[in-house]
Amino acid sequence: MRSSAAALVASLLSSSLLNPANIAAQQAAAPTTPRVLRAAKESAAQSLPVRSVALYKNGVGFFEHAGEVSGNQQVTIDFTSEQLNDVLQTLTAIDLNGGKINGAGYNSTTPLEQQLKSLPLALSQNPTEADLYQAIRGARVEVTGNGAAVSGRLLNVESRDLPTANTGSGDDKPRPMAQFLTVVSDGGGVRTIQLNSQTQVRLLDGALHQDLSHYLELLAANRGGGLRHLTLSATGTGARQIRVSYISEVPVWKSTYRLIFSDGGQKQQATLQSWAVIDNTVGTDWNNVQLSLIAGSPQSFVQPISQPYYTRRPEIGLPEEAQLTPQTHEGGDFNGGPMQGTAPMFVSKSAIGSGSGSGLAPGSGGNYGGGVKKIGAGEPMVAPAPIAYEDSAAASVSPNASGTGYDDYFEYKLNQPITIRKNESAMVPVLQSKVDVERVTLWSSTQPRPLRALWLTNSTGATLDRGSFSIIENGSFGGEGLLDPIHPNERRLLSYAADDAVRVSTESRLDSRHLQQATMHQGVLKMSSREIAEITYVVHNSGTSPRMVIVEHARRNGWELDSDTAPAETTPNAYRYRVAAAPGETVRLHVGERHTIAQSWRLATMNEQTFDAIIRTNGDDPKLRQQLQPILEARRQLTEIDTQIKDKQTQIDSIGKDQDRLRNNLSALKSSAEERDLIRRYTRELNEQEDQIAALRKDQDGLKQKHTQAQADLDAKVQSLETEQSF
């Protein structure tokens, strides 16, 4: 049903268009609408092609369109709906020869469903045949194909069951159905006509034909994937150059490298090739564009300014009695002297805004951009002189803007224009140069399997961007890896394969601590010790060729090297040592580190266990033990007195619990003759326990006095101990 509805619409339109009488009627009945005028303007506008593209590493691209206009003319630029917010936010239009840019417009982004609601025909996005006939009820039509032609107005369309040859009661098969049109002729006759493959229905109403055409155009435009047509109006005289620029979200361009070398010595020169992978996902072709690939990340964001926003406005009631008195206002001094001319002006002492364009300084040297072949046809556009460009930019719009270059970016600017069609990708060469490399084997404790690597020095003069690389060694694939940005003259290790001929292990590890200095002042012991860590790496080369093994020893915060062997390179996280190993040779590498530890303790709180631990950890020095022995002895006596006091208190608490038991028993007894002996017994035991508690408390008071004396003795010894000694 749906496919026949589409065919029916086409039949209705084609029939109406081929009828000469209907053509004149349609022209008279269908006035020129604003939509038709807009379509005519777009068809007359000149397309403004893209001439230069600068792609950044943060996923944005700077696009510049350029072309020539004459007199008052319109130019168009195509872009996708996803680009709309970026285009509206950053669009810059410049007439380079004195003209003006009056404004810009673009086709609606209203959803198709909303656009269809504005049509007189009540048709959805996917109507059936019955939906179409219901929408044109009352229209004048001509039906042919089933005998004589029938003309009139369409009254209705309905589905009916068709009669079948077998009408037995046992037949449960569904009956076939067909569509029937009811047409009322001009003379009042009513005819019902079955629709089949031979039936043709022709519209006789020109206005209805126009509505159907508009409906189909909207459906066709919706298939365009939301392509937007930006139209700019330029006014002026004579031939002029127009430039339009904006940013847009684009896929991040990717770098990939090839390192080609032969089986020479460990140190040699390799050929470095750099390629860039570029994707064109915007709404226009890049025909003969000047392409720049910039490894920088200018700040950029997406703001949905294409969507309407509403803000809350306060409602203020009208005052019942409000009288305004005319006022005069003071004049102010204008900085910079009186304004010239008679027209009012707004003058600013500095530029209103700043921006960045594609005119960034490229990297230098190293056959920069060499070997780029011309992919598309056509000659590159000759840019006007910079001073004319800036003068024209200042005259094209009222606000002035100054451009700023960023020195921390680097750019690959292709020497020849290239062509990349929309929704296509390309891989272009951007660099080829000789670089110094050293073939090594890399081992690290974090990656215990030795890796074949190149120690590369970037002698190209350009910054090598982040990307992947592959190794071509003696014409064969040797491996691949990842490369972080490498600046000019910087050296970097690039690993690409496993080296099974090299084994690295640790033979011994020794950690020790040596006391350097001890000071005792005002009861505080401060000690400075040196901790030494030593490790021996064993490197064995079982291969048939010599190896230069790079051993990475992890760096630790606060530790310094304490070894006669200096590392070949130091990174934020590791020391790199060179170890040369001949075929079948085993070589040892000793690495020592030292670390200073500063600790402090209060002497008055040190117990015997803490004292022993401190002495033993710091070399068990006899001089330090002798100096601390009097304090340790005083502390031991104080600890013994504390223990005795606690023992006395434990006995008192135990007697107190037994007294509670006796008192509970006494309270349960009665003063009978049988229980009097038991009462006397409990009373006697309570008296004896009271005597014991009194004696214990007396002993406890004596111990507390001793504790006070022992504490005073310890404090005196602690305060009198003032020394500073080096070891």
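The values are calculated or read from the model by the stated rules, or taken from the named source; none is laboratory data. Predicted model, so just to flag it, every value in this text is computed and none were measured. Here the Cβ positions follow ideal geometry from the backbone for every residue, glycine too, while neighbour counts run over all protein chains shown.
Annotations for the structure displayed:
- Every listed requirement among (1) in a helix (DSSP H, G or I); (2) basic (Lys, Arg); (3) loosely packed, with under 13 Cβ neighbours inside 10 Å is met by LYS706 save one, (3).
- PRO448 vs. criteria out of contact with any Leu (no Cβ under 7 Å at 6 or more places or on another chain), closer than 30 Å to VAL587 by Cα and in contact (Cβ under 8 Å) with a residue 12 or more places away in the chain: yes
- Scope the stretch 200-216; condition assigned to a helix (DSSP H, G or I) and among the charged types (D, E, K, R); matching residues: ASP211
- With respect to being assigned to a strand (DSSP E or B) and modelled with pLDDT under 85, LEU230 fits the description.
- ALA668 being free of Cβ contacts under 8 Å to residues at least 12 places away in the same chain, surrounded by fewer than 14 Cβ atoms within 10 Å (Cβ to Cβ) and within 24 Å of GLU608 (Cα to Cα): no
- Scanning the stretch 289-316 for residues that are at pLDDT 75 or above and aliphatic (A, V, I, L, M) yields VAL289, LEU291, LEU293, ILE294, ALA295.
- Here the stretch 51-96 is the region considered, the condition is being among the aliphatic types (A, V, I, L, M) and within 28 Å of the chain's Cα centre (by Cα), and the residue that is nearest to ARG228 (Cα to Cα) is LEU84.
- Only a single item in (1) within 16 Å of LEU525 (Cβ to Cβ); (2) surrounded by 11 or more Cβ atoms within 10 Å (Cβ to Cβ) is not met by GLN644, and it is number (1).
- Test: residue in the stretch 87-94 that is at pLDDT 85 or above, in contact with a helix residue (DSSP H, G or I) (Cβ under 8 Å, 6 or more places away or on another chain), among the small types (Gly, Ala, Ser) and surrounded by 19 or more Cβ atoms within 10 Å (Cβ to Cβ): yes
- The stretch 479-508, residues that are small (Gly, Ala, Ser), within 14 Å of VAL539 (Cβ to Cβ) and surrounded by 16 or more Cβ atoms within 10 Å (Cβ to Cβ): ALA501
For every residue, the table says whether it meets (1) among the hydrophobic types (A, V, I, L, M, F, W, C); (2) closer than 30 Å to GLU724 by Cβ; (3) not in a helix (DSSP H, G or I).
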{"site": "ARG625", "(1), (2), (3)": "no, yes, no"}
{"site": "GLN629", "(1), (2), (3)": "no, yes, no"}
{"site": "ASP647", "(1), (2), (3)": "no, no, no"}
{"site": "ASP653", "(1), (2), (3)": "no, no, no"}
{"site": "GLN659", "(1), (2), (3)": "no, no, no"}
{"site": "LEU662", "(1), (2), (3)": "yes, no, no"}
{"site": "GLU685", "(1), (2), (3)": "no, no, no"}
{"site": "LYS698", "(1), (2), (3)": "no, no, no"}
{"site": "GLY702", "(1), (2), (3)": "no, no, no"}
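- Per-region count, the stretch 691-725, residues among the acidic types (Asp, Glu), more than 30 Å from ARG602 (Cβ to Cβ) and without any contact (Cβ under 8 Å) to a residue 12 or more places away in the chain: 1
- Residues being buried (at least 16 other Cβ atoms within 10 Å of the Cβ) and in contact with an Asp or Glu (Cβ under 9 Å, 6 or more places away or on another chain) - total across the stretch 560-577: 6
- Considering SER529, SER468, SER476, the condition of being exposed (fewer than 14 other Cβ atoms within 10 Å of the Cβ), among the small types (Gly, Ala, Ser) and in contact (Cβ under 8 Å) with a residue 60 or more places away in the chain is satisfied by SER468 alone.
- Test result for GLN629, modelled with pLDDT under 85, under 18 Å from GLU608 (Cβ atoms) and not assigned by TED's automatic domain parsing to the domain that holds ALA518: yes
- Filter result for ARG449 (crowded, with 16+ Cβ neighbours inside 10 Å and closer than 30 Å to VAL551 by Cβ): no
- ARG635 being charged (D, E, K, R) and not assigned by TED's automatic domain parsing to the domain that holds LEU510: yes
- Residue check for LEU212: in contact with a His (Cβ under 6 Å, 6 or more places away or on another chain), at pLDDT 80 or above and not small (Gly, Ala, Ser): no
- Filtered by the rule that a residue be more than 22 Å from ALA462 (Cα to Cα) and in a strand (DSSP E or B), the stretch 431-447 gives ARG439, VAL440, THR441, LEU442, TRP443, SER444, GLN447.
- Test for ALA598: is it aliphatic (A, V, I, L, M) and buried (at least 16 other Cβ atoms within 10 Å of the Cβ): no
- Residues that are closer than 15 Å to SER233 by Cα and modelled with pLDDT of 80 or more do not occur anywhere in the stretch 105-118.
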